[in-house]
Amino acid sequence: EDAFNLVDGECFFNCETDKPLITVSNSAKKGMCLDDTTFQFCSDKIPHIWPNTKEPLTSLRLFSSWQTFWPDDNREEAWSHLVSNVKSNGMTVLVGTQITCNETADDQDWKQVLELLQKLGPDHIMGVAIGNELELLWQKSYASKECIDNMWDGGYFWEKTVSRIGDLDNLGSDYSKLPVTSVFGGAILGAEPFINTHQARVTTYLKNATNLYGSRWAFSLNVYPYLDPNVHLDPHSAHKCDESIKQATCLNKPDCLTTTILRVMRGKMKALTGNTDDIFWVGETGWSSPMASTLNTPVRNCPDFSSIQTFEMNYETFLEWDLTVGKDGSIKGPDHIFYFTMRDSSNFGFEEHFGLVGKCEDTKCKLQNGNSTSTNDGDDDWDRIVV
């Protein structure tokens, strides 16, 4: 069947493309996030190959075992597709569990996570992530002041972290060796070493976590140059942003936006623990084309920023990147990085287009010869950056 490959007697999805295939560097340290669209509606079409390459996909990031508002009737089938893909293709999974203002929902999610962890087995689990970008929870309309106070100063987040890891360890000795983490976003970098206000006591949380779990604790950071508040339009231009595109998509120079953020993060980790080699994962990075409705910086007015050409340049550069963050190698790059994402999806109801495939029914990759011819006016600076 088109867009499927046979592996050990089972068919797994691989989108079709007419473009030359991209070479992947350090593929064992790169994985893909499982978006809500794919997980809920077409779990039988989780890719087993990086789109537009021949390189096997070796790791996945799962945000939750199953969203609490999805129909539970579909959960077991989706899990079956996921577990089959992971085991047949030798993948590992970073499994997430939610932390919200609803303790009942959190506990139900965790109960299902424990089930899924046992279906996957410890050999196919990269780690367990407790909460995602909780430093931003106070900004959400549904998060009351009471919830935020309880989350941080009331100890809810920390107590759930300890409890979840205790449950994980009780599954057996192989599970008790798995790395554990909580994934944060770039907002935590706004203070030394991390933000530590009543709205988000990240420094206190991470200090407690590293003190209790030592080298087992992994630092995790989502990095989105696409959504970075520092990207801007070119001087004296209302719709061009060539300089921001170069800074946001490059990875082969120390002053690229992503490599700069990762070096800063390493420095802050060292300030907290004194170590230069703590586990460091990038939980998400990616690009949207067409423009994501969540993009709210001045480059909304720059058509090139969310063009398919820039999308392609960012993805190709990501695949070819060797994960170094500086010229001399004195600062260690990330130990693992996840690309967001497989298919276009929504974010709290807002439309985004970060997917390497459009919809569930699409057999073709988003990147095709017909849609990715550069439209730049001959500016050499636009040439694709090759690592």
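The values are calculated or read from the model by the stated rules, or taken from the named source; none is laboratory data. None of these values were measured; they are calculated from a predicted model. Using ideal geometry, Cβ is built from the backbone for each residue, glycine included, and neighbour counts are taken over all protein chains shown. Note: areas computed on protein heavy atoms with side chains; ligands, DNA, RNA excluded. Shrake-Rupley method; radii C 1.70, N 1.55, O 1.52, S 1.80 Å.
Give, as a single signed number, the net charge of other residues whose beta carbon lies under 14 Å from the beta carbon of I261, with Lys and Arg counted +1 and Asp and Glu -1.
Numbers: positive: K253, R263, R266, K268; negative: D228, D255, E284.
Net of charged neighbours comes to +1.
Just round it to a whole percent: the fraction of Cα-Cα distances in the chain exceeding 34 Å. Spell out each step's value before the answer.
Working: 19592 of 74691 pairs.
So the portion of pairs separated by more than 34 Å is 26 percent.
Please give the contour-minus-distance gain from W70 to T276: 0.36 nm per residue of separation, less the Cα-Cα distance, rounded to one decimal in nm. Can you show the working numbers first?
On the way: separation 206, 0.36 × 206 = 74.16 nm, distance 4.13 nm.
Residue separation times 0.36 nm, minus the Cα-Cα distance, leaves 70.0 nm.
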Per the rule of 0.36 nm per residue minus the C-alpha distance, extending K54 to L136 adds in nm 25.8 nm
Once phi for every residue in region 341-347 is put through the Karplus expression 6.51 cos²θ - 1.76 cosθ + 1.60 (θ = phi - 60°), the whole-Hz ³J(HN,Hα) values, with Gly and Pro written as x, are 6, 6, 10, 4, 8, 10, 10
Distance in nm between S144 and T294 label points, each 7 Å along Cα→Cβ, equals 2.6
With every protein chain in place, the accessible area of C15 for a 1.4 Å probe, in Å² rounded to the nearest 10, comes to 10
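Listed here are the pairs K246/K332; K54/K119; K111/K364; K119/K268; K140/K160; which of them are more than 32 Å apart at the Cα?
Working: K246/K332 23 Å; K54/K119 28 Å; K111/K364 37 Å; K119/K268 36 Å; K140/K160 20 Å.
Listed pairs above 32 Å: K111/K364; K119/K268.
Find how much the distance from S215 to N301 grows on full extension, using 0.36 nm per residue of separation minus their present alpha carbon separation; answer in nm with one decimal. Please report the intermediate quantities before stating the final value.
Numbers: separation 86, 0.36 × 86 = 30.96 nm, distance 4.45 nm.
Between S215 and N301, full extension yields 26.5 nm more.
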When the charge dipole of region 6-81 is computed with +1 on Lys and Arg Cβ and -1 on Asp and Glu Cβ about the Cα centre, the Cα farthest towards its positive end, among S65, T37, P47, belongs to P47
Lone Cys, the chain, Cβ cut-off 4.7 Å -> C11, C33
Region 300-374 and region 1-41 have their Cα centres apart by a whole-number Å value of 14
Expressed in nanometres to one decimal, the distance between label points 7 Å along Cα→Cβ at A105 and F4 is 3.5
Residues meeting the amide H criterion for I49 (H placed from the backbone, H to H distance under 5 Å, 5 or more places apart or on another chain) are L57
Rounded to the nearest 5, the percent of antiparallel DSSP beta bridges in the chain equals 20
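Tell me the net charge near D106. Cut-off is 13 Å between Cβ atoms, D106 excluded, with +1 for each Lys or Arg and -1 for each Asp or Glu.
On the way: positive: K111, K160, R164; negative: E103, D107, D109, E159, D167.
With Lys, Arg at +1 and Asp, Glu at -1, the neighbours total -2.
If Lys and Arg each add +1 and Asp and Glu each add -1, what is the summed charge of the other residues whose beta carbon sits under 12 Å from the beta carbon of T285? Could the numbers behind the result be given before it?
On the way: positive: K30, R61; negative: D228, E284.
Around T285, the surrounding residues sum to 0.
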Excluding residues fewer than 8 positions from K366 in its own chain, the aspartates and glutamates with Cα under 16 Å of it are D2, E16, D18, D35, E312, E316, D344, E352
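Heavy-atom accessible area per residue, the chain, 1.4 Å probe: how many Å²?
Value returned for the chain: 42 Å² of accessible area per residue.
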Expressed in nanometres to one decimal, the distance between label points 7 Å along Cα→Cβ at S330 and N208 is 3.6
